[in-house]
Every structure is written in structure tokens, then in C-alpha cells.
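The values are calculated or read from the model by the stated rules, or taken from the named source; none is laboratory data. All values reported here derive from a predicted model rather than from experimental measurement. We place every Cβ from the backbone using ideal geometry, glycine too, and count neighbours over all the protein chains shown. Areas reflect the complete protein model, heavy atoms only, side chains present, ligands, DNA and RNA absent. Shrake-Rupley method; radii C 1.70, N 1.55, O 1.52, S 1.80 Å.
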Amino acid sequence: MPSPLSAPAASKVSKVSEVATALRERVPPLTSIPLPRAVDRRLLGQRWPTRELATPPAGSGLKAIPGDDGAPLIGHSLDFMRFGVEWALRRYELYGPVSWMGAFGRRIVSLSGPDATQLALVNKDKAFSQQGWEFFIERFFQRGLMLLDFGEHHAHRRIMQSAFTRDRLAGYVAQMGPALREGIGAWAPDSRPRLYWSLKRLTLDVASRVFMDMPSGDDSARLNRAFVDSVRAGTAIVRYPVPGGRWAAGLNGRKVLERYFRENLPAKRRDDGADLFSALCHATTEDGERFSDADVVNHMIFLMMAAHDTTTITSTAAVYYLAKHPEWQERVREESLRLGDDPPDVTALGELSTLELVIKEALRLVAPVPSLARKTLHDTEVLGFHLPADTLVGVSPTINHFDPACWTDPLRFDPERFSEARREDRNHRYAWMPFGGGAHKCIGLHFGMYEVKALLHEMLRRFRWSVPANYEARWDYVSLPVPADGLPVLLTRR
């Protein structure tokens, strides 16, 4: 263990950290720096020579997958990071549901649209492996549930399911209510916070209390930075630990997280508490299967990231659209106020049906995980195209969520599309897939919906918020979608 810093040295380190954090929260990444619209249009419209990925087997009747390498060296690595949904839709229009592109020094096949994504996620012929994630995040979230395949994944998921029963969820909701009320109650009224960062700190605090029964306290900033660095490292262009680079920051973040969970694991093994950390330490199947210490650490790092990152993104998107559509903000506020003053339990949260419509629409417009990585284990066929073995694949919910065959006026914010009278999400099984699908569908989807509902409920009770009429959020897709400017909003006391 390193020796403790002296008080003056520790103070200097703290101040440097504060300045660095302030800069990160205010300065957008290079891919999100505003450029003249004419320049963006030119970048979006850039065309590259179309090539075939691989020649189909003779006599198969299959077509070759079309695509292009993109710019020299970097391919299309920066295009989706900068343009997000707009670029993905243009790509779909150009090539259709099955295409390939050059990115991160690899050729990556994109499967878009409900039919193509269903084939990959249902995976009847077991051609698609989770090994695709290894290229992006295995170094930082190794052996998390999402990275496991087939029988091993099923075994780990079966053990982990005991941490997400309805009784466990009810206990988590009971714990998160006071934490959310306390955290949101500390926000200053008549202020203009960059709300994404406020929400991120809050959701990490909630995850620390609910998942570990530990207030994040002094560790909050350090852990938050470690999670951010680990997530963003997966899309680094330079995939080598160059000092100061994203890859190196991600590797260091992983070390911070491993050390934190390993130090706290023995106490969780001793005491069977109500938190997720304890639940994983003590989870046992009927056959006596249990997680090893390494399993618990790996799953906790992954679940903590997934729980607070995706919840932050969903909450931020919902807050943004409620700011842009004040009539919906008033409508869901009236619903929340009818619940009374007590923190809502799972039954009360279930009554917030209008708020659920808003959350589902926010999830459609800003999918928290815009691409799901896979790798082919053997040659397979997708919609008449030959997809070779050992190919990196990106399965994208983004296109599905804007498919005009499934959605009315898909670019418009319209929560009523999820109402029982319309249920546009039922136009195809994979029209709406913010939680993925198939065997790897998010295990914490119900927990996530409860937390976002509880968080927005507390915000609605305490504040009104707004953005200028001409404000449009720009989403940074360097890793998971976040507002490039942190989403500055005006908070006023209700």
C-alpha cells in the first residue's frame, strides 16, 4: 500500500482533481465540438468506395454483404460518435439492414432493423457469441454477465436471479427512496446545473447504498471517475496504454474498482445483508452452486456500471424531453402529487403509468446502449446475406427505434405511442429493445424502471425545470450517449 499523502499534498491533489472534474463537465469531447452545419453536412454525406465483405460459398444463393472502409486508418470510428442516430439512419438508407464498415482497425458488420436484430439476438443456430464485447470492454468489465456465453451465462444468470426477485426489488426501492429524496433535496433552486452530472453523482450514490449498503461518501468522485474512464475506454482509437490516453485511463479505472470491491468483499461474505453485494456473496442454487470471490467482484463492477450509467442516461433523456414539453411535465407532476408525501413503494411506483409512457419514449429516442456487440462462431446467413465466421458484429437498437414501419412520425416525442390504445411497440417483437433481447436481455430492467420512476417522481415533487425554446441537446456517442454540454437546465422550486 502506498504511504498516505501529507495534508498539504492531499489538499493540492484534491484541488487539481476538482479543477479537472469541472473541466470535464464543461468542455465537450473533440467529437462533439460544434462545427458549421455545412461542414457537418459534408462529413455526413461523405461517400467511400463500396466493397464486398466476403464472397459467399459457391451455389449458396447468398449475397455478399456490402459496405466500405471509411476514412484511412480511423474508418468510421468517429462518425457515430459525432452524429449518432443521424449517421446510423443515413447508413441504413444507403446499405439496408445488413452492411459492414471499417472502424477501430476492424471490419464490423452492422445488423439493423427489427428482422435482422431478432435473428442475432434469438440466435437459434448459436452463431452469435458475446465474444464481440471482448474487443470493446473485456479489459475493463471482464466476465461481467453480458460477456458470458451459452451454458456459462445461463448458470451465472440463474444464480444472480435470486438478487432480482420481487421481494429483493421491494427492498431496493425502500432503500432508494430516502437516498433520492435527500440527494435531490440538496439541489439548489433557481440554479442552472448541468443536470447530467448531478444525476450521475446521485445514481452512483443510490447504487452504492442499494447495491452495497455503503454511502459513497468520500469515495464517490473517485469511483465515478473510474466508472466513466472504464466505459469510455472501449471506443478508444489508440488501443494501447499510452499515458494520458483513454485506454490507459480505463485500465487504471478497472484497478480502482477491483481494489474497492475486493477490500469490501470479506465483510459481505460474513453478513447476509439486504443489499445486492451481500446477495451475490450468498446466492446459492438448489444444486449448491455459488459465486467465487472473483465472480462476485466481476459481477459487481459490471452491475454497478450498468445500474448507474444506464439509469443516468435514461433519467437525463426523460428530464430533457420533459423540459422541451412542459405540458407533459405538468401532466406527470399531477400524477406524482396524487401519491402523497411518503416515498413510494413498488406498488405506488406501478401507479405512475403516465410517467412510464414518458420513460419508454425517452428510452426509444435515446437508447442507453446504442449497439450490442457480437462475434460469429461459424458461417451463418442473415436475411439472405453470407456472414462469415470470426466476424465482429454490431446489433443496433437505434434503427429499430426509428423505423417508420413500426412507429408513427418516429422523430417526434410522443409518449402516447406506448398507450394501450396504440402500443406501437407491439408492431414487431424487436421494434423497441432498450434492454436488449433474447437470452441476454437485461436482468435488471425492472430495477432500472423503478429507479428512474422514483428519481423523476422526487424531481417532479420538488422542482420545475426548463430549457430555452431553441435549445436542442447534442448527444455525445463516444461510449454511451450523454449530452455533450451536460444538459444545463433552469431549476425552480415548485
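Between 467, 452, 489, 478, the distinction of being surrounded by fewer than 21 Cβ atoms within 10 Å (Cβ to Cβ) and not small (Gly, Ala, Ser) belongs to 467 only. When you go through (1) over 22 Å from the mean Cα position of the chain (by Cα); (2) over 30 Å from residue 247 (Cα atoms) one by one for residue 176, which number turns out not to apply? Residue 176 satisfies every listed condition except (1).
Kindly check whether there is at least one residue in the stretch 363-371 that is in a loop (DSSP other than H, G, I, E, B), β-branched (Val, Ile, Thr), open to solvent by less than 20 Å² (accessible area, probe 1.4 Å) and on the phi < 0 side of the Ramachandran plot. Yes.
The numbered conditions (1) surrounded by fewer than 22 Cβ atoms within 10 Å (Cβ to Cβ); (2) touching a Pro at 6+ places or on another chain (Cβ under 6 Å) are all true for residue 412 except (2). Scanning the stretch 50-69 for residues that are touching a strand residue (DSSP E or B) at 6+ places or on another chain (Cβ under 6 Å) and either of a type in the set (Gly, Ala, Ser) or over 14 Å from residue 98 (Cα atoms) (or both) turns up 56, 64, 67, 69.
Is at least one residue of the stretch 315-329 over 17 Å from residue 463 (Cβ atoms), in contact with a Lys or Arg (Cβ under 6 Å, 6 or more places away or on another chain) and either of a type in the set (S, T, N, Q) or not in a loop (DSSP other than H, G, I, E, B) (or both)? Checked against the condition, which is being over 17 Å from residue 463 (Cβ atoms), in contact with a Lys or Arg (Cβ under 6 Å, 6 or more places away or on another chain) and either of a type in the set (S, T, N, Q) or not in a loop (DSSP other than H, G, I, E, B) (or both), the stretch 315-329 yields no hits at all.
For the stretch 383-402, a residue qualifies if it is over 16 Å from residue 87 (Cβ atoms) and either open to solvent by 20 Å² or more (accessible area, probe 1.4 Å) or part of a loop (DSSP other than H, G, I, E, B) (or both), and the qualifying residues are 383, 384, 385, 388, 389, 390, 391.
Scanning the stretch 123-156 for residues that are within 18 Å of residue 394 (Cα to Cα), open to solvent by 50 Å² or more (accessible area, probe 1.4 Å) and either aromatic (Phe, Trp, Tyr) or in a helix (DSSP H, G or I) (or both) turns up just one, 134.
Of all residues in the stretch 184-202, those that are closer than 16 Å to residue 315 by Cα and in contact (Cβ under 8 Å) with a residue 12 or more places away in the chain have Cβ atoms under 6 Å from Cβ atoms of residues that are among the acidic types (Asp, Glu) and open to solvent by less than 50 Å² (accessible area, probe 1.4 Å), 6 or more apart or on another chain, in 184/458; 194/25; 197/25.
Among the numbered conditions (1) more than 23 Å from residue 324 (Cβ to Cβ); (2) at pLDDT below 95; (3) of a type in the set (Val, Ile, Thr), the only one that residue 398 does not meet is (1).
Looking at this structure, is residue 102 free of Cβ contacts under 8 Å to residues at least 60 places away in the same chain and over 24 Å from the mean Cα position of the chain (by Cα)? For residue 102, the condition - free of Cβ contacts under 8 Å to residues at least 60 places away in the same chain and over 24 Å from the mean Cα position of the chain (by Cα) - is not met. Taking the stretch 175-208 as the range and being open to solvent by 60 Å² or more (accessible area, probe 1.4 Å) and charged (D, E, K, R) as the test, the residues that pass are 182, 190, 192, 194, 201.
Taking the stretch 300-318 as the range and being closer than 25 Å to residue 329 by Cα and over 11 Å from the mean Cα position of the chain (by Cα) as the test, the residues that pass are 315, 316, 317, 318. Scanning the stretch 270-289 for residues that are surrounded by 14 or more Cβ atoms within 10 Å (Cβ to Cβ) and farther than 15 Å from residue 208 by Cα yields 281, 282, 283.
Residues satisfying the criterion are present in the stretch 327-340 (criterion: open to solvent by less than 20 Å² (accessible area, probe 1.4 Å) and among the basic types (Lys, Arg)).
Here the stretch 223-269 is the region considered, the condition is being of a type in the set (S, T, N, Q) and open to solvent by less than 60 Å² (accessible area, probe 1.4 Å), and the residue that is farthest from residue 292 (Cα to Cα) is 235. Taking the stretch 89-115, which residues are among the basic types (Lys, Arg) and either open to solvent by less than 40 Å² (accessible area, probe 1.4 Å) or assigned to a strand (DSSP E or B) (or both)? Within the stretch 89-115, 91, 106, 107 meet the criteria.
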